[in-house]
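The values are calculated or read from the model by the stated rules, or taken from the named source; none is laboratory data. Bear in mind the structure is a predicted one, so any value in this text is a computation, not a measurement. No Cβ is skipped: glycine too gets one built from the backbone with ideal geometry, and neighbour counts run over all protein chains shown. Surface areas here come from the heavy atoms of the whole protein model, side chains and all, with no ligands, DNA or RNA. Shrake-Rupley method; radii C 1.70, N 1.55, O 1.52, S 1.80 Å.
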Amino acid sequence: MRDLAGPLKGLLILWMAAAAAIHLYFGGFGFPEPITMRGFHLLVFVPPLFLLYPAFDRSPKRRPSLCDWLWAAAAAAPHAWVMWNWDVVSDRMEYVDPFTPTMAVLAVLAIVTLLEATRRAVEVGLAWMILISLAYMQWGHYLPGVLNSRPFTLAEILEASWLVPTAGGVYGPLTGIVATTIAVFIVFGGFMQGSGTGRLFSNLGAAAAGRYTGGPAKVAVVTSGLFGTMSGSSVSNVITTGAMTIPLMIRIGYRPTVAGGIESAASVGGALMPPVMGAAAFVMAEITGIPYGEIVVAAAIGAALYYFAILAAVHFEAKQAGIAPMPDSEIPPWREVLQDAHLVIPIAVLVWLMMERWSGNFAAFCATIAMVAVAALRARTRLSWRQVLDSLASAGLTMAPLAVSIAGAGIVVSALTATGMVVALGGIIKDLAAGSFPLLLVLLAVTVLVLGMGLPTTPSYIIAAAIGVPQILDLGSKALGLSPAELLLPAHLFIFYFAVLADASPPVAAAAFAAAAIAKASPLITSNHATRFGIAGFTVGFAFLFDPGIMLRGGLLGIVTATLIQVAALTAICAGYAGYLLAPMGVAARLLLGLAGLFAAFYHGVPDLLRLGLVVAVLGLVGVPQWLRSRRRDSR
């Protein structure tokens, strides 16, 4: 991003703040017509990206060039036209009414400027995927076999990509959910950061975990998980919290690659953590029709298990390396934590409203107003007019890249749907699975992780869900004996978890690479460590489908058993990898623990109690002798 100065910087801050404030207002008092709202959303957020992000490394860093201003004007034109002619767009019959030359020109402008904005501000990989999708619509009828599609005219391609708001494209339902619900939640996150909630989370993490073995790393885990509920971006989470935690972990004895791996795994998990999960969770609610509150409840145990596993791995790693707790001088007293404790009230308001089935945008609006009001109760958290402006501007700067990435993902989904590629790719994966439901899940997990190499989490989830969820519902209903309705949420959570984990998994892992840059370590080795610290994401992802108790479904015994299996399995896996349970272990004990943990976590061909009993027995077999030896040493 450019380091702008002078009047232009102030103007863009005011523009972004005003755009965020208008989204917040609509969230509380009602939105205009869908096409008007979507057009306005893209009009206010796409053009500024050309002024904020340089086109190339050699481009001016402190001011936009003339070409950037021309790009911004070109980006504004199609969305302004849609807002002005909202009735024409809403009333026209898609693919029936004429697609006029004016519409065609505006469609080209919209697609080209979205591509360039995506390349500059989001990911080059997503821009290439949009281009490939458009090329497939143009030339797919030349391809053989299952890849063959029907011929499309240029007008049909442009219309499908730009002006079919009921099905996809730039103004499709995905842009709609970002322009309404997600935007208001981002504003709430901006006010959380501005009010000092980040300080509360940081102090809480240090006070709760700092006195224990590997304290700084545990603080990083807790703090990053809490920050992740605000930022919604694993990379920005790494940059925000990692700048503090990674150097501290290195200073007390963690290897740079390990410190970076801990931070990136913890930051990635922020998108999994209720009550404010990542943007993809809101898209999930829109796609499935399942209330967001129900998704949050179903994901709660899985998120807790994810962070339990990271904390366990950090503990064993610290014990093995002999890393001490944080110095008392660096641990804030609880009275300091309590001075910011009132900032939890708006979060409680948000959770309560969503559990009461209020709409997400209204719940986030009320929580934002509550945050401003509650922060005013104490001088240290009271928001000045400048802090309010900065909070709104920060939210706007977060929304802008998300707006173009989701609009771009809408083009991809529209192309996949119109050409039948969703069915073709799903069929290829299904054929490779050869009727094996576990193999199908492995192939889909690999597919999502590969997509995540070049795509942000939300577009990756959207595209993978379009391809994979129908296959899970089809084959899973036969393998598990559940109806498609019962499998719908587990299938989407499975895809969602792997889309999130892609940011920390090699060979291309955006969050891990950001952490490696801070740690001055190898990006690939850092991402390898991030993957093993985030192992629970893989086990929980599969558990959503095979162990419904993880989603708080079924009786109390099933919920407790499913949770205990994961706890015991993850403990065994993490201890086996670190080489420490209650004392250092040899290779045989490490292998035994690791294999027992993997068996319990992934093998669902035996009764649950047998899986639990086996891994508990192995933990006892290794741990009890270590405990007895330590007791004998202590008694001497």
Check: Of all helices (runs of 4 or more DSSP H) completely enclosed by the stretch 272-353, which ones contain at least 3 residues that are under 16 Å from the mean Cα position of the chain (by Cα)?
Finding: 279-288, 292-321
Margin query: Filter the stretch 86-145 down to the residues that are assigned to a helix (DSSP H, G or I), within 14 Å of Pro165 (Cβ to Cβ) and either open to solvent by 70 Å² or more (accessible area, probe 1.4 Å) or without any contact (Cβ under 8 Å) to a residue 12 or more places away in the chain (or both) and list them by number.
Written below: Trp86, Asp87, Val88, Asp91
Item checked: Scope the stretch 521-539; condition among the small types (Gly, Ala, Ser) and closer than 20 Å to Ile565 by Cβ; matching residues -> Gly534, Ala536, Gly537
Next item on the list: Tell me which residues, restricted to the stretch 377-410, are farther than 20 Å from Phe188 by Cβ and hydrophobic (A, V, I, L, M, F, W, C).
Entry: Ala379, Val404, Ala407, Ala409
Checklist line | Failed item, numbered, when Phe26 is tested on (1) under 25 Å from the mean Cα position of the chain (by Cα); (2) open to solvent by less than 20 Å² (accessible area, probe 1.4 Å) | finding: (2)
Notebook entry, point to check: So is Ala266 more than 15 Å from the chain's Cα centre (by Cα), part of a helix (DSSP H, G or I) and within 20 Å of Tyr212 (Cβ to Cβ) or not?
Noted result: no
Item checked: Checking Cys67 against (1) open to solvent by less than 60 Å² (accessible area, probe 1.4 Å); (2) under 27 Å from Gly6 (Cα atoms), the condition it does not meet -> (1)
Check: When you look at Met1, is it assigned to a loop (DSSP other than H, G, I, E, B) and either farther than 21 Å from Trp358 by Cα or out of contact with any helix residue (DSSP H, G or I) (no Cβ under 8 Å at 6 or more places or on another chain) (or both), yes or no?
Finding: yes
Item checked: Selected residue (criterion: most open to solvent (accessible area, probe 1.4 Å)) from residues of the stretch 523-544 that are among the aliphatic types (A, V, I, L, M) and within 20 Å of the chain's Cα centre (by Cα) -> Ile535
Notebook entry, point to check: Any idea which residue in the stretch 371-403 is modelled with the lowest pLDDT, counting only those that are assigned to a helix (DSSP H, G or I) and polar (S, T, N, Q)?
Noted result: Thr398
Notebook entry, point to check: In the stretch 150-164, how many are modelled with pLDDT of 90 or more and surrounded by 15 or more Cβ atoms within 10 Å (Cβ to Cβ)?
Noted result: 9
Item checked: Matching entry among Phe533, Phe538, Phe494 (being closer than 26 Å to Val178 by Cα, at pLDDT 85 or above, of a type in the set (Phe, Trp, Tyr) and out of contact with any His (no Cβ under 9 Å at 6 or more places or on another chain)) -> Phe494
Item checked: The one condition in (1) part of a helix (DSSP H, G or I); (2) surrounded by fewer than 22 Cβ atoms within 10 Å (Cβ to Cβ) that Ala167 fails to fulfil -> (1)
Margin query: On the basis of being open to solvent by less than 50 Å² (accessible area, probe 1.4 Å), part of a loop (DSSP other than H, G, I, E, B) and in contact (Cβ under 8 Å) with a residue 40 or more places away in the chain, does Thr368 make the cut?
Written below: no
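So that you can scan it fast, the table gives a plain yes or no per residue for (1) within 21 Å of Ile323 (Cα to Cα); (2) surrounded by fewer than 23 Cβ atoms within 10 Å (Cβ to Cβ):
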site: Gln566; (1), (2): no, no
site: Ala569; (1), (2): no, no
site: Cys574; (1), (2): yes, no
site: Pro584; (1), (2): yes, yes
site: Ala600; (1), (2): no, no
Note to self: The conditions are (1) surrounded by 14 or more Cβ atoms within 10 Å (Cβ to Cβ); (2) closer than 18 Å to Leu12 by Cα; (3) in contact with a Lys or Arg (Cβ under 9 Å, 6 or more places away or on another chain), and His79 fails exactly one of them. Which is it?
What the structure shows: (2)
Item checked: Tyr171 vs. criteria within 24 Å of the chain's Cα centre (by Cα) and touching a residue at least 40 places away in the same chain (Cβ under 8 Å) -> yes
Next item on the list: Could you please let me know if Glu330 is of a type in the set (D, E, K, R), within 15 Å of Thr197 (Cα to Cα) and touching a residue at least 24 places away in the same chain (Cβ under 8 Å)?
Entry: no
Notebook entry, point to check: What is the one condition in (1) open to solvent by less than 40 Å² (accessible area, probe 1.4 Å); (2) at pLDDT 95 or above; (3) among the small types (Gly, Ala, Ser) that Ala73 does not satisfy?
Noted result: (1)
Note to self: Residue pairs, Cβ under 8 Å, 6 or more apart or interchain, first in the stretch 249-263 and in contact (Cβ under 8 Å) with a residue 24 or more places away in the chain and open to solvent by less than 10 Å² (accessible area, probe 1.4 Å), second assigned to a helix (DSSP H, G or I) and basic (Lys, Arg). List them.
What the structure shows: Gly261/Arg532
Check: Any chance the stretch 36-44 includes a residue that's touching a Ser or Thr at 6+ places or on another chain (Cβ under 7 Å), among the polar types (S, T, N, Q), farther than 15 Å from Met399 by Cα and open to solvent by less than 40 Å² (accessible area, probe 1.4 Å)?
Finding: no
Notebook entry, point to check: Would you call Phe365 over 24 Å from Ala20 (Cα atoms), modelled with pLDDT of 85 or more, in contact with a Gly (Cβ under 9 Å, 6 or more places away or on another chain) and not β-branched (Val, Ile, Thr)?
Noted result: no
Next item on the list: Just give me the residues in the stretch 347-363 being touching a residue at least 60 places away in the same chain (Cβ under 8 Å) and within 15 Å of Met192 (Cα to Cα), in sequence order.
Entry: Ile347, Leu350, Val351
Notebook entry, point to check: Which residue out of Val606, Val616, Val622 is farther than 24 Å from Phe437 by Cα and either without any contact (Cβ under 8 Å) to a residue 24 or more places away in the chain or open to solvent by 70 Å² or more (accessible area, probe 1.4 Å) (or both)?
Noted result: Val616
